[in-house]
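Colleague: First the structure, then my questions, so here it is.
The values are calculated or read from the model by the stated rules, or taken from the named source; none is laboratory data. This structure is a prediction, so every number in the text was calculated from the model and none was measured. Positions of Cβ are generated from backbone atoms using ideal geometry, with glycine treated the same way; all protein chains shown enter the neighbour counts. Surface accessibility is based on the protein's heavy atoms, side chains included, excluding ligands, DNA and RNA. Shrake-Rupley method; radii C 1.70, N 1.55, O 1.52, S 1.80 Å.
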Amino acid sequence: MRIGELSHQLGISNDTLRYYEKQGLLTPSRRNSAGYRLYDNNDLKVMHFIIRAKNIGFSLAEIKDLLLIKFEKSSHSCSEVKKITLEKRDLVAQRIKELQQFHQSLTTLADKCCGSQHIAENCSILSVLEDIDDVT
């Protein structure tokens, strides 16, 4: 199938497929005499793997590592895959912690504001943001 057919089946753009190619995640099975990229069912399976991995939060670099392991399973161990997964999980946990801190800071700011329709000249949120030493 050509790039348009593959991208249609996957629900992504041709540009996305080209980008994944450029990043070394996907290689067309071959090209026809006119130079069009041609993909087969194995390419479709690889793209499904990439999309699933991306949808659960893996970066393209991590997906590339996972694909290398996937294609060379006999040269790698499950512990390598688990290590990549646990590192991503820990990064997500750290990001969640940061987001919870942002949430608490925003809640504190919002609680300090009366939210009235008066002019914002004396808005407590703007005052706190203007004085960086007050935000903790």
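Colleague: Along the charge dipole of the chain, Cβ charges K/R +1 and D/E -1, which of 101, 32, 17 sits furthest on the positive end?
Modeller: Farthest towards the positive end: 32.
Colleague: As an exercise, use a Förster radius of 35 Å and the Cβ-Cβ distance of residue 76 and residue 32 to find the FRET efficiency, rounded to the nearest 0.05.
Modeller: Efficiency, rounded to the nearest 0.05: 0.55.
Colleague: What is the distance, in nm, between label points placed 7 Å from the Cα along the Cα-to-Cβ direction at residue 91 and at residue 42?
Modeller: 2.9 nm
Colleague: Could I ask something else about it? Over 29 Å between Cα atoms: which of 70/97; 22/82; 54/112 fall into that group?
Modeller: 70/97; 54/112
Colleague: Still on this model: Nearest 10 degrees, 0 to 90: what angle lies between the long axis of helix 78-112 and the longest principal axis of the chain (Cα atoms)?
Modeller: It works out to around 20 degrees.
Colleague: Classify the range 5-118 as rounded, prolate or oblate from the Cα gyration tensor: take a ≥ b ≥ c as the square roots of its eigenvalues, call it rounded if a/c is under 1.5, otherwise prolate when a/b beats b/c and oblate if not.
Modeller: Verdict is oblate for the range 5-118.
Colleague: For the chain, what does -39500 (n - 2.57) per DSSP helix run (n ≥ 4), summed and divided by total residues, give at 222 nm, in deg cm²/dmol to the nearest 500?
Modeller: -20500 deg cm²/dmol
Colleague: Moving on to the next point. Treat each spin label as a single point 7 Å out from the Cα along the C-beta direction, and report the residue 64 to residue 105 distance in nm.
Modeller: Reported label-point gap for residue 64 and residue 105 is 3.2 nm.
Colleague: Compute the accessible area per residue over the chain, keeping the other protein chains in place, probe 1.4 Å, unit Å².
Modeller: In whole numbers, the chain has 74 Å² accessible per residue.
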